[in-house]
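Asker: To start, I am sharing the structure in question, which I have written as structure tokens.
The values are calculated or read from the model by the stated rules, or taken from the named source; none is laboratory data. Note that the coordinates shown come from a computational prediction; the quantities given were computed from them, not determined experimentally. Every residue, glycine among them, receives a Cβ derived from its backbone with ideal geometry; neighbour counts consider all protein chains shown.
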Amino acid sequence: MDQTTITGGAHLARALQAEGITRVFGIPGTHNLEIFAQLSAAGIDIVSPRHEQGAGYMADGAARVTGEVQVIVTTTGPAALNALTALLQSFTDSVPVLLITPGMPLTHPGRGNGLLHEVRNQSAALSAVLTEVMRVTSPGEVSLAVGQTLSAMRSGRPRPAAIEIPLDLIEDAGPGQLHPSVTRALPAPVSSEIDAAAEAIAGSNRPLIIAGAGAHGAGAEVAALAETLGAGIVLSSNAKGLVDDRAETTIGAVGVLELLPELTSDADAVIAIGTELAPSDFWPEPLPLPDTVVRIDIDEVQMLTNATVTHPILAAAKNATAALNEQVSALRTESATAAARNWTAGWKSRAASAMETGGRPWADLSAALTAFAESDTSPLFVAADSTMACYYGVQTGWKARSGDRFLYPAGAGTLGYGLPAGIGAKLAAPQARVVAVEGDGGSMFTIAELAAAVQAGVRMCLIVVDNGGYGEIRNEMEDRGDTPSGVKLTGPDFPALAQAMGARGIHVDGADALLAALSEAEAAVGPTLIHITEDSRAGADMLD
């Protein structure tokens, strides 16, 4: 193959371009200027966030809606560490984001000498979060690192990764060739395992499907299996939109509800598809499961985590669920399916009542999002934050359609995720409508990215739900018998702040006004911030 002598930065741009990367998220710095020069020369689009954490969340949102690797580029030291929180979020939620960052020079003194952005061992810091971190040792190795890293990221369970290029190698020239990534095919379901699982669940009267984000792309197959069995479907937060929330078999994203352990205890068989069954998704612990547990996953280690699995099926969700449904259809009796449908209907009713009660402070928000989704055939992506308005409100109250998406920072639970993730999602899927929902406290972590959305011409909405501070933490303090402290915030004038950054900014009250504002925002140019106040226990105490 061609042994071209070019700079490390040029090797990087050439390798990314050959791998189909058309966009990067990142901020130029003193140590990465050659990278950005070569990316621009290669015609790769550069999205400029206002903070490296925002870059990571943008890439995360884009990766979730496309399923494809997204790239962020930072400079050395503080910038790479700024991005690390976002990479932690991507790691815990299995999202393929690639960080490319300079590192200290090859010949940098072991004890350091005070070089700009000096970090004693940057790769070790990255390795504390990521399992795939590669530091190159020559300009030509950059292409190899790209090929090897993308091979790992595109095979099996998706995870973020990092490539560190010593800053002297970015400018230095050396020979190198392209090393195209090689993707390992996902395992096909084993017929004997499918047969055994089908026989185990075919006679169940109370079957329950628990589906996670790993089942995206298999929504039709999951729905078909539920119909065959008469089973209810419980969704993780990031699985919303996998199936229609309004379908008879969909119990919903009820992971935050206290009735969940009672539901799983009442089931006589559980089919877990593409889910970690993690405490960050299904809060009431422990999650009791019946004696029969069928688990479909592409990660063999996951088979041994958070559940005792009687029938592990190591395969892609789509193929395995389709094969399982085919076998169950041949064995299932109409009477068993009828009994299961009655059981599912009872739990769906109970869950709906619990969701309505728990989500009451955010009922207007959920109703407006449901009506907005149904007002057009294009998908609605809701980019959420780790805030009560999202996990108690939107997650349970918004009726997502099949094809809609809920982008939620489940694993790490980071704040400030919603807005930049929504920007990334909109850039990656411009045909979709995008709404970000954040609390007033969390929004301030990344509110500067509203300026990035203006610059990129991103048409989307940011709904800021204001309860006067960190409402969930305030409630937890009070429940402990503590006097709430450090949680009440003096917030900015959010609409004015948005306008100062070049976006539209308005305040509305009520579901009808919010729906009208969402519709107006979809017809506007650029982003819109919609400020609403929360009628809740926390808001009653902290809002002036």
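Asker: Could you pull out the residue among Ser280, Ser265 that is in the same structural domain as Met303 (by TED's automatic domain parsing) and within 20 Å of Ala410 (Cα to Cα)?
Answerer: So the residue among Ser280, Ser265 that is in the same structural domain as Met303 (by TED's automatic domain parsing) and within 20 Å of Ala410 (Cα to Cα) is Ser280.
Asker: Here's a follow-up. Could you count how many residues in segment 295-311 are part of a strand (DSSP E or B) and either small (Gly, Ala, Ser) or within 23 Å of the chain's Cα centre (by Cα) (or both)?
Answerer: 3
Asker: Answer yes or no as to whether Leu314 is in the same structural domain as Ala226 (by TED's automatic domain parsing) and closer than 21 Å to Gly411 by Cα.
Answerer: no
Asker: Given Ser143, Ser151, Ser204, which one is among the polar types (S, T, N, Q), in contact (Cβ under 8 Å) with a residue 40 or more places away in the chain and farther than 30 Å from Pro290 by Cβ?
Answerer: Ser143
Asker: Right, another one. Run Thr137 past the list (1) more than 30 Å from Asp281 (Cβ to Cβ); (2) β-branched (Val, Ile, Thr); (3) crowded, with 20+ Cβ neighbours inside 10 Å and report the number of the one that doesn't hold.
Answerer: So Thr137 meets the others, but not (3).
Asker: Related question: Please go through segment 397-426 and give me each residue that is under 12 Å from Gly241 (Cα atoms) and not aliphatic (A, V, I, L, M), ordered by number.
Answerer: If the condition is that a residue be under 12 Å from Gly241 (Cα atoms) and not aliphatic (A, V, I, L, M), then Trp398, Lys399, Arg401, Ser402, Gly403, Asp404, Arg405, Phe406 are the ones that fit.
Asker: Can you tell which of Gly469, Gly422, Gly411, Gly403 is over 20 Å from the mean Cα position of the chain (by Cα) and touching a residue at least 24 places away in the same chain (Cβ under 8 Å)?
Answerer: Being over 20 Å from the mean Cα position of the chain (by Cα) and touching a residue at least 24 places away in the same chain (Cβ under 8 Å) holds for just one of Gly469, Gly422, Gly411, Gly403, which is Gly469.
Asker: Regarding Glu141, is this residue out of contact with any Pro (no Cβ under 6 Å at 6 or more places or on another chain), outside the structural domain of Ala239 (by TED's automatic domain parsing), more than 30 Å from Thr275 (Cα to Cα) and charged (D, E, K, R)?
Answerer: yes
Asker: Which of the residues belonging to segment 320-336 are buried (at least 18 other Cβ atoms within 10 Å of the Cβ) and of a type outside the set (Gly, Ala, Ser)?
Answerer: Passing the criteria: Thr321, Leu324, Asn325, Gln327, Val328, Arg332.
Residue by residue, here is whether (1) modelled with pLDDT of 95 or more; (2) under 26 Å from Thr75 (Cβ atoms); (3) basic (Lys, Arg) holds:
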position: Asn113; (1), (2), (3): no, yes, no
position: Leu126; (1), (2), (3): yes, yes, no
position: Thr149; (1), (2), (3): yes, yes, no
position: Ala161; (1), (2), (3): yes, yes, no
position: Ile165; (1), (2), (3): yes, yes, no
position: Ala185; (1), (2), (3): no, no, no
position: Ser192; (1), (2), (3): yes, no, no
position: Ile201; (1), (2), (3): yes, no, no
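Asker: Go through segment 1-30 residue by residue and tally those that are assigned to a loop (DSSP other than H, G, I, E, B) and under 10 Å from Gly176 (Cβ atoms).
Answerer: 3
Asker: Tell me which residues, restricted to segment 368-383, are closer than 18 Å to His216 by Cα and aliphatic (A, V, I, L, M).
Answerer: Hits for segment 368-383 are Leu380, Val382, Ala383.
Asker: Here's something else I'd like to know. Out of segment 27-46, which residues are surrounded by fewer than 14 Cβ atoms within 10 Å (Cβ to Cβ) and over 14 Å from Pro78 (Cβ atoms)?
Answerer: Ser40, Ala41, Gly43, Asp45 - these are the residues of segment 27-46 that are surrounded by fewer than 14 Cβ atoms within 10 Å (Cβ to Cβ) and over 14 Å from Pro78 (Cβ atoms).
Asker: List, please: which pairs have Cβ atoms under 9 Å, are six or more places apart or on different chains, and start with a residue in segment 296-314 that is free of Cβ contacts under 8 Å to residues at least 60 places away in the same chain and end with one that is among the charged types (D, E, K, R) and part of a strand (DSSP E or B)?
Answerer: Final answer for the pair search is Met303/Arg295; Met303/Asp297; Ala307/Arg295; Val309/Arg295.
Asker: For the structure I just gave you, tell me whether Thr357 is surrounded by fewer than 16 Cβ atoms within 10 Å (Cβ to Cβ), within 23 Å of the chain's Cα centre (by Cα) and closer than 24 Å to Glu262 by Cα.
Answerer: no
Asker: Only residues in segment 41-57 that are under 15 Å from Ala80 (Cα atoms) count as the first member; pair them with residues that are among the aromatic types (Phe, Trp, Tyr) and surrounded by fewer than 24 Cβ atoms within 10 Å (Cβ to Cβ), Cβ under 8 angstrom, at least 6 apart or cross-chain, and list the lot.
Answerer: Cβ pairs passing all conditions: Gln53/Phe445.
Asker: For Lys399, are the conditions met, namely being among the charged types (D, E, K, R), part of a helix (DSSP H, G or I) and either assigned by TED's automatic domain parsing to the domain that holds Asp93 or closer than 27 Å to Ala218 by Cα (or both)?
Answerer: So Lys399 fails the test.
Asker: Looking at segment 483-491, can you tell me whether even one residue there is more than 23 Å from Asp544 (Cβ to Cβ) and in contact (Cβ under 8 Å) with a residue 24 or more places away in the chain?
Answerer: No: segment 483-491 contains no residue that is more than 23 Å from Asp544 (Cβ to Cβ) and in contact (Cβ under 8 Å) with a residue 24 or more places away in the chain.
Asker: Right, here's the next one. With Val254, Val270 as the choices, which residue is farther than 30 Å from Glu19 by Cβ, outside any loop (DSSP other than H, G, I, E, B) and not hydroxyl-bearing (Ser, Thr, Tyr)?
Answerer: Just one listed residue meets the conditions, Val270.
Asker: Right, another one. What are the pairs with Cβ atoms under 6 angstrom where one residue, in segment 222-235, is buried (at least 24 other Cβ atoms within 10 Å of the Cβ) and the other, located anywhere, is in a helix (DSSP H, G or I) and aromatic (Phe, Trp, Tyr)? Sequence gap at least six, or different chains.
Answerer: Once the first residue is buried (at least 24 other Cβ atoms within 10 Å of the Cβ) and sits in segment 222-235, its partners that are in a helix (DSSP H, G or I) and aromatic (Phe, Trp, Tyr) give Gly232/Trp347.
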